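In what follows, a structure is listed as structure tokens, so that the remarks can point back to it.
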Number of protein chains: 2
Amino acid sequence: MGQAAQAPSGTRDLLADEVRRRKAAFDVLSQIFESFGFDPLETPAFENLDVITGKYGEEASKLIFKILKRGAHEASGQADLALRYDHTVPLARVIGSYGAKLPTPYKRYAIGPVWRADRPQEGRFREFVQCDIDTVGSQSALADAEIVLALAQSLDALGVHDFTFTVNSRKALYALLEVYGVDSDDGPSVLGTLDKLDKIGAAAVAKELTAARGLTPDVAESLVGDVAADNSDRVRQRLNTTEQGKAGLAEVDRLIELTTSAGLTSDRIAYVPRMVRGLDYYTGAIYEVVAAGYPGSIAAGGRYDHLVATLGGPDVPACGGSIGIERILAIQGSQDTERRGLDVALTVLGGEEDLMRLGAELRGQNLRVGMYFGSSTKLGKQLKWAHDQSARISVLYGPEERAEGEVTLRDMRSGDQTRVPFTEAASHVRKVLEAP
Amino acid sequence: MGQAAQAPSGTRDLLADEVRRRKAAFDVLSQIFESFGFDPLETPAFENLDVITGKYGEEASKLIFKILKRGAHEASGQADLALRYDHTVPLARVIGSYGAKLPTPYKRYAIGPVWRADRPQEGRFREFVQCDIDTVGSQSALADAEIVLALAQSLDALGVHDFTFTVNSRKALYALLEVYGVDSDDGPSVLGTLDKLDKIGAAAVAKELTAARGLTPDVAESLVGDVAADNSDRVRQRLNTTEQGKAGLAEVDRLIELTTSAGLTSDRIAYVPRMVRGLDYYTGAIYEVVAAGYPGSIAAGGRYDHLVATLGGPDVPACGGSIGIERILAIQGSQDTERRGLDVALTVLGGEEDLMRLGAELRGQNLRVGMYFGSSTKLGKQLKWAHDQSARISVLYGPEERAEGEVTLRDMRSGDQTRVPFTEAASHVRKVLEAP
């Protein structure tokens with residue numbers, strides 16, 4: 001054997017306890033999404049290249065894993081498939097191709113890996129799970145509210161309690177720019193600059209708006225003042241002067257009303273005028289979630305009424321959200337991961353057939369049972385194995401026990417040993433395991 | 001929108017009920033493997049190309065999906081990664097790279113997709129789930145027996161009851177060839193021909209052994225007669241004349257003894273001398289499972305003591321098995337798939353905040369709740385939506401109900417409607433759902 005081969009750069013082998021921890025989290029999320037009536041959707045790991053090409057912009061397209069043609073075409077060096085980059089483009093494809101076969105609206109969740117050839121770095125992987133819920137085919141504010149509630153309940157269930165939804169509306173943001181006379185073509189870039197408020201501060205943002213975005217210093221300062229204010233009164237006043245502004249505010253307020261009606265406490269959701277969300281495709285209410293102890297935003301979403309069409313599907317209204325499950329798992333991972341041990345370890349000192357029978361009986365009682373498969377006939381060595389398996393109980397069945405039709409049960413925590421009739425072994429094991 | 005894009009050739013979009021059905025099956029398998037003390041392992045979807053290259057033989061290597069280098073290297077047309085082709089090569093890599101950090105023996109299960117660029121055809125996919133259990137680092141016959149038991153229990157749990165394990169031993173097969181004076185270098189090709197017995201019949205096999213494998217007609221006929229016999233007495237006699245033959249028979253008999261001790265009924269496992277298994281890497285006991293109503297073998301496995309080394313890991317004894325879960329799911333799929341509907345459909349005729357609150361309360365009782373998100377204000381249309389969602393109960397909350405502080409519950413099966421106080425809606429819903 002040469003140098004031991006590793007998993008490819010930016011990917012991970014997930015060993016037992018990590019797989020279990022992740023699966024438990026995904027199951028919790030699935031269950032919550034199902035309770036809201038969302039349906040699971042699983043699309044293939046790869047898509048035809050043309051489905052993916054041109055959907056993510058120039059920078060992102062460099063991060064797409066492309067798959068070489070096969071057989072005689074391999075030599076062409078050309079690709080015809082690509083690993084999925086997110087769950088949204090496959091969703092748009094499914095909407096386009098299944099159409100009326102899907103429920104209306106189509107509410108789906110997707111929890112599965114996506115692949116991006118990002119430069120590997122601490123906590124960023126090239127294969128990672130994205131967790132999305134989306135409702136396609138409804139303009140109702142109830143649909144937006146439901147996504148927020150499902151995200152909030154998910155975070156709670158994952159043990160992230162100290163979180164806040166910051167809410168805004170793309171309509172409100174564009175109305176504000178309108179009030180300030182910003183040309184609508186410049187909207188996205190001006191919003192992009194405003195999005196840096198938390199990072200570079202009000203003064204630097206105002207400066208950039210003047211220097212790079214062509215706003216006058218007065219306008220830039222006033223605009224920044226509006227959105228940066230801790231209190232939203234000033235921006236509300238401004239927005240109430242136009243129809244689009246009123247509509248945007250109504251969108252924000254309705255989302256807050258509906259979600260708090262359903263029990264989201266009002267300290268967990270607030271209108272934050274500075275919350276812009278970088279992505280251009282949002283058209284209505286938008287939100288991000290920040291939580292104490294977690295960097296950046298750990299969930300986000302909004303309404304994106306024309307995105308599905310842009311991605312090659314039909315032009316249908318839609319809204320959706322996403323949970324940064326990898327980030328949450330990574331931070332919680334440093335806390336505690338309990339190893340799953342054996343309930344019962346069967347040592348083997350002869351009498352294999354009896355032990356096979358006993359093993360089957362114990363597993364029939366929903367116990368996790370392992371058997372010593374090594375070559376040592378020394379009990380000490382076998383008990384060390386049982387210990388390494390974090391076994392709660394070891395079964396000892398040597399010549400003496402066999403002669404008497406008995407087994408010895410060893411409590412691996414206390415070291416206590418009890419000898420019981422072989423036929424009663426399973427019920428005794430149960431008693432020991434159920435003891436406090 | 002142009003022509004609706006499809007999933008790539010040979011792949012599938014899995015919609016709601018199919019995802020649920022598959023997940024239920026995978027969960028059942030995981031639970032069984034866990035009860036035997038197997039640990040889950042998840043490796044990345046792709047491996048470095050050199051880990052995969054040269055591991056599967058020339059024909060298979062054409063079926064590997066290779067991933068193009070990225071960035072400036074894309075233009076080279078070269079690949080540096082490949083989608084995993086099975087779970088065994090990744091296992092060998094993990095064994096080699098984690099070594100002593102893994103339990104000894106290392107018992108792991110893997111249930112996940114693999115990718116092969118096979119020609120797409122009915123029931124054969126390019127992305128499909130393989131389900132493997134393997135025990136690495138033990139020579140014990142108990143380890144082999146455990147794999148057989150776990151496979152048998154899995155099949156039972158999946159609803160495949162009428163199955164039989166056909167057992168043989170590579171040692172026994174090679175011993176038989178030795179008895180007949182077949183050169184050991186010719187062993188694999190002779191076994192390959194014998195493997196065709198069920199397909200082409202005894203006469204054709206004997207002919208091929210003579211023509212293509214160089215056996216004399218007498219030897220060929222006698223050899224075929226041994227392995228093709230319904231009764232294994234003749235081959236047992238022959239094998240008992242050599243040490244290797246005795247060892248092979250002992251291996252077979254021990255596997256049957258141990259598994260039947262644990263409750264596998266003796267009609268479900270038998271020594272079948274003609275059962276060869278095509279793959280060269282097996283070194284000890286081997287088995288295949290056939291079941292009434294399922295074509296081919298639906299599970300298989302055996303001992304492969306040097307395979308891990310061949311695949312780039314350390315030279316450790318190992319045994320393992322695999323369940324043809326896709327085949328089983330495909331055949332069962334034609335039987336019945338029940339659509340998961342809503343427990344409660346909330347129609348919306350105003351009073352949205354109240355309905356949001358009620359929805360949260362119902363979900364808190366572990367119910368699956370959907371809300372009407374369409375634009376129609378007509379109850380008939382909303383009830384049609386509820387019907388399409390396979391809802392059990394619809395909640396009606398019009399102006400009349402609101403004025404009285406009540407709601408109407410409609411049983412969607414019987415059409416019965418009951419009006420109850422709003423505050424008691426949740427408990428009434430529960431009563432209706434719990435009624436037989």
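A compact table of results
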{"item": "Residue A:253-residue A:196 pseudo-label distance in nm [points 7 Å out on the Cα-to-Cβ vector]", "result": "3.4 nm"}
{"item": "In nm, spacing of pseudo-spin labels at residue A:185 and residue B:156 (7 Å Cα→C-beta vector)", "result": "7.4 nm"}
{"item": "Among A:300, A:426, A:16: highest mean-square fluctuation, GNM of chain A, C-alpha pairs under 10 Å", "result": "A:426"}
{"item": "Mean Cα-pair separation over length for region A:290-436, i.e. relative contact order, pairs under 8 Å, 6 or more apart, %", "result": "17 percent"}
{"item": "Positive-pole candidate from A:78, B:291, B:344, dipole of the protein assembly as shown, charges at beta carbon", "result": "A:78"}
{"item": "At 7 Å out from Cα toward Cβ: residue B:333 inter-copy label distances (nm, ascending)", "result": "3.3"}
{"item": "Equivalent ellipsoid dimensions for region A:50-166 as semi-axes, Å, which come from the Cα gyration tensor, largest first", "result": "32, 21, 11"}
{"item": "For region B:343-387: relative contact order, % (alpha-carbon pairs under 8 angstrom, 6 or more apart)", "result": "49 percent"}
{"item": "Cβ crowding within 10 Å averaged over residues, with B:144-152, A:201-209 ranked highest first", "result": "B:144-152, A:201-209"}
{"item": "Estimated D of chain A in µm² per second, where Rh is the Kirkwood radius over Cα pairs and Stokes-Einstein applies at 4 °C, 1.567 mPa s", "result": "50 µm²/s"}
{"item": "Degrees, to the nearest 10: A:217-228 long Cα axis against longest axis of chain A", "result": "40 degrees"}
{"item": "D_trans [Stokes-Einstein, Kirkwood Rh over alpha-carbon pairs] for region A:169-230, 10 °C, 1.306 mPa s, µm² s⁻¹", "result": "141 µm²/s"}
{"item": "Calculated SAXS-style log₁₀ I(q)/I(0) at q = 0.09, 0.10, 0.19 Å⁻¹ - region A:183-323, Debye, Cα scatterers", "result": "-0.31, -0.38, -1.36"}
{"item": "For the protein assembly as shown, alpha-carbon Rg over 2.2 N^0.38 Å", "result": "1.10"}
{"item": "Dipole magnitude of region B:282-389, debye to nearest 20 (Cβ charges: Lys/Arg +1, Asp/Glu -1, about Cα centre)", "result": "380 debye"}
{"item": "Most positive-pole-ward Cα, A:188, A:275, A:154, against dipole of the protein assembly as shown from beta carbon charges", "result": "A:188"}
{"item": "Amide H within-cut-off set for residue B:37, under 5 Å, with H built and near neighbours excluded", "result": "A:369"}
{"item": "Ellipticity estimate at 222 nm from DSSP helix runs (n ≥ 4, -39,500 (n - 2.57)) divided over chain A, nearest 500", "result": "-12000 deg cm²/dmol"}
{"item": "Using a 7 Å Cα-to-Cβ projection, residue A:12 label spacings across copies, nm, ascending", "result": "3.0"}
{"item": "Peptides ranked, highest mean first, by Cβ atoms within 10 Å: ranges B:393-400, A:163-170", "result": "A:163-170, B:393-400"}
{"item": "Dipole magnitude of chain A about its Cα centre (Cβ charges: Lys, Arg +1; Asp, Glu -1), debye to nearest 20", "result": "820 debye"}
{"item": "Cβ-placed point charges (K, R +1; D, E -1), dipole of region A:63-150 about Cα centre in debye, nearest 20", "result": "340 debye"}
{"item": "Percent of Cα pairs exceeding the 18 Å cut-off, where the set is region B:364-436", "result": "39 percent"}
{"item": "Max mean-square fluctuation residue, GNM over chain A, Cα-Cα springs under 10 Å, options A:325, A:200, A:32", "result": "A:200"}
{"item": "Cβ neighbours within 10 Å from other chains - mean over B:311-318", "result": "2"}
{"item": "Region A:93-212, relative contact order [Cα under 8 Å, separation at least 6], %", "result": "15 percent"}
{"item": "18 Å Cα-Cα reach of residue A:199 towards lysines, excluding residues that sit fewer than 8 places from it in its own chain", "result": "A:207"}
{"item": "Pairs beyond 20 Å (Cα-Cα), from A:69/B:66; A:55/A:101; A:62/A:196", "result": "A:55/A:101; A:62/A:196"}
{"item": "Listed residue (B:100, B:163, B:356) projecting farthest to the positive dipole end of chain B, Cβ model", "result": "B:356"}
{"item": "Stretchable slack from residue B:378 to residue B:424, in nm (0.36 nm times residue separation minus alpha-carbon distance)", "result": "14.0 nm"}
{"item": "Exam field: residue A:315 pseudo-label spacings to other copies (7 Å along Cα-Cβ), nanometres", "result": "7.0"}
{"item": "Accessible area expressed per residue, chain B, with surrounding protein chains retained (probe 1.4 Å, Å²)", "result": "43 Å²"}
{"item": "Rounded tilt (10° steps) of A:170-179 against the dominant C-alpha axis of chain A", "result": "20 degrees"}
{"item": "Other protein chain Cβ atoms within 10 Å, averaged over every residue that makes up A:14-22", "result": "5"}
{"item": "Using θ = phi - 60° and Karplus 6.51 cos²θ - 1.76 cosθ + 1.60, couplings along region B:33-48 (whole Hz; Gly, Pro as x)", "result": "4, 4, 5, 8, x, 6, 9, x, 9, 10, 9, x, 5, 10, 10, 4"}
{"item": "Tilt relative to chain B, helix B:352-364 - C-alpha long axis, 0 to 90 degrees, to 10", "result": "40 degrees"}
{"item": "For the B-to-A rotation axis, chain B residue with nearest beta carbon and its distance in angstrom", "result": "B:77, 1"}
{"item": "Amide H contacts of residue A:169 (H built 1.01 Å from N, under 5 Å, at least 5 apart or other chain)", "result": "A:286"}
{"item": "Square roots of five times the Cα gyration tensor eigenvalues for region A:36-79, Å", "result": "27, 16, 7"}
{"item": "Translational diffusion coefficient (Stokes-Einstein; Kirkwood radius from C-alpha pairs) of region A:314-436 at 37 °C, 0.692 mPa s, in µm²/s", "result": "198 µm²/s"}
{"item": "Test item: B:361-369 mean partner chain Cβ contacts at 10 Å", "result": "3"}
{"item": "Most mobile of A:377, A:260, A:210 in a GNM of chain A (Cα contacts under 10 Å)", "result": "A:377"}
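The values are calculated or read from the model by the stated rules, or taken from the named source; none is laboratory data. Only a predicted model underlies this, so the values are computations on that prediction, with no experimental measurement involved. Positions of Cβ are generated from backbone atoms using ideal geometry, with glycine treated the same way; all protein chains shown enter the neighbour counts. Just the protein is used for accessible areas: all its heavy atoms, side chains included, with ligands, DNA and RNA removed. Shrake-Rupley method; radii C 1.70, N 1.55, O 1.52, S 1.80 Å.
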